[in-house]
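The values are calculated or read from the model by the stated rules, or taken from the named source; none is laboratory data. As the structure is a prediction and not an experimental result, all values here were calculated from the model. All Cβ positions, glycine included, derive from the backbone under ideal geometry; neighbour counts span all protein chains shown. The protein model used for the area step is the full one, side chains on, heavy atoms only, and it has no ligands, DNA or RNA in it. Shrake-Rupley method; radii C 1.70, N 1.55, O 1.52, S 1.80 Å.
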Amino acid sequence: TGDHLDRMTEYSTIIAEGLLNHPDKDYNISRPFVNKIRNNAAVHDIGKIGIPDEILKKPGKLTAEEWEIMKQHPDIGADVLLNLKNDLKIFNRDFYNTAVEIANCHHEKWNGSGYPNGLKGKEIPLSARIIALADVFDALTSKRAYKVDFGFDESVEIIKSDSGSHFDPVLVDIFLKKLPEIKRVYLKSSHIKDSKDLIS
């Protein structure tokens, strides 16, 4: 949804900004990198255009066969963006590189148990590692057809518990340091208008 894309773009940008001037050279990013995150975060699930609606909108748990179809969306998204990139006649051919990384790798996990390619640790592009954290946090705090929302505090605890397994631990540390900014984005969203978090 549009609201989901807005929130996770804001979360992603906050995390990326937390890496400015980071002491580790593998995380010390520039302002242009932050801008790339902001500009490309919303395309992370573009590959879902190739997934049937009956799977995307199913109100219950997916079957094994349906899950295998769903897991194709990162590759579909990367293919869509690569085709656009290859068709560029005027723009810089590097224009879509970050978008391709994000679309293809945002379901990879730090411990290598993600998909579609089972990348591990820093094999996963930093852009995709940032998007993965922001995307999952927003999913946890949002009600969906197949799940309830977990609320802000419980969702933060889930993110913390998955540090070093699902998520890059350096990024989780940044996320936790930026919690006041993260919560401001969360609280201003219409998706929690009836939430107990509004009075916490």
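Just a few scattered comments:
- Within the shell defined by Cβ-Cβ distances under 15 Å, the residues around Ile69 carry a net charge of -2, with Lys and Arg each +1 and Asp and Glu each -1.
- Put simply, region 83-134 fits an ellipsoid with semi-axes of 25, 10, 8 Å; these come from the alpha carbon gyration tensor as the roots of five times its eigenvalues, largest first.
- With contacts taken as Cα pairs under 8 Å and at least 6 residues apart, the chain reaches a relative contact order of 22 percent.
- Ordering of 125-136, 94-105 by burial proxy (mean other Cβ atoms within 10 Å per residue, highest first): 125-136, 94-105
- Structure-based [θ]222 nm, the chain - -39500 (n - 2.57) summed over DSSP H runs of at least 4, per residue, nearest 500: -15500 deg cm²/dmol
- Residue-wise HN-Hα couplings along region 39-45, as the Karplus relation 6.51 cos²θ - 1.76 cosθ + 1.60 with θ = phi - 60° gives them from phi, are 6, 10, 4, 5, 8, 4, 9 Hz; Gly and Pro carry x.
- Over the chain, the pair-distance histogram of Cα-Cα distances with 10 Å bins from zero comes to 9, 34, 39, 16, 2, 0 percent, rounded to whole numbers.
- Accessible-area value, His106, 1.4 Å probe, nucleic acids and ligands omitted, Å²: 10 Å²
- Solvent-accessible area, 1.4 Å probe, carbon plus sulfur percent, for the chain: 53 percent
- Radius 15 Å from Cβ of Ser127, net charge of other residues (Lys, Arg +1; Asp, Glu -1): -4
- √(5λ) per eigenvalue of the Cα gyration tensor, region 10-51, largest first, Å: 25, 10, 8
- Cα-based shape type of region 18-104, given that a ≥ b ≥ c are square roots of the gyration tensor eigenvalues and the cut on a/c is 1.5: oblate
- Cβ-Cβ FRET estimate between Asp153 and Asn83, R0 fixed at 41 Å, reported to 0.05: 0.45
- The dipole here belongs to the chain: it is taken about the Cα centre, uses +1 on the Cβ of Lys and Arg and -1 on the Cβ of Asp and Glu, and is about 400 debye.
- Sequentially through region 114-127, phi angles give Karplus couplings (6.51, -1.76, 1.60; θ = phi - 60°) of x, 9, x, 10, x, 5, 10, x, 6, 5, 7, x, 4, 4 Hz, Gly and Pro residues having no value and appearing as x.
- Other residues lying with their Cβ under 15 Å from the Cβ of Pro23 contribute a combined charge of -1, Lys and Arg counting +1, Asp and Glu -1.
- What the Cβ-Cβ distance of Lys120 and Leu187 gives, at R0 = 45 Å and to the nearest 0.05, is a FRET efficiency of 0.80.
- Among 112-124, 67-79, the order from most to least packed when residues are scored by Cβ within 10 Å on average: 67-79, 112-124
- In order through region 152-165: 3J(HN,Hα) via Karplus (6.51 cos²θ - 1.76 cosθ + 1.60), integer Hz, x for Gly, Pro: 5, 5, 5, 5, 4, 5, 5, 4, 4, 5, 9, 5, x, 10
- For region 29-143: accessible area per residue (Å², 1.4 Å): 52 Å²
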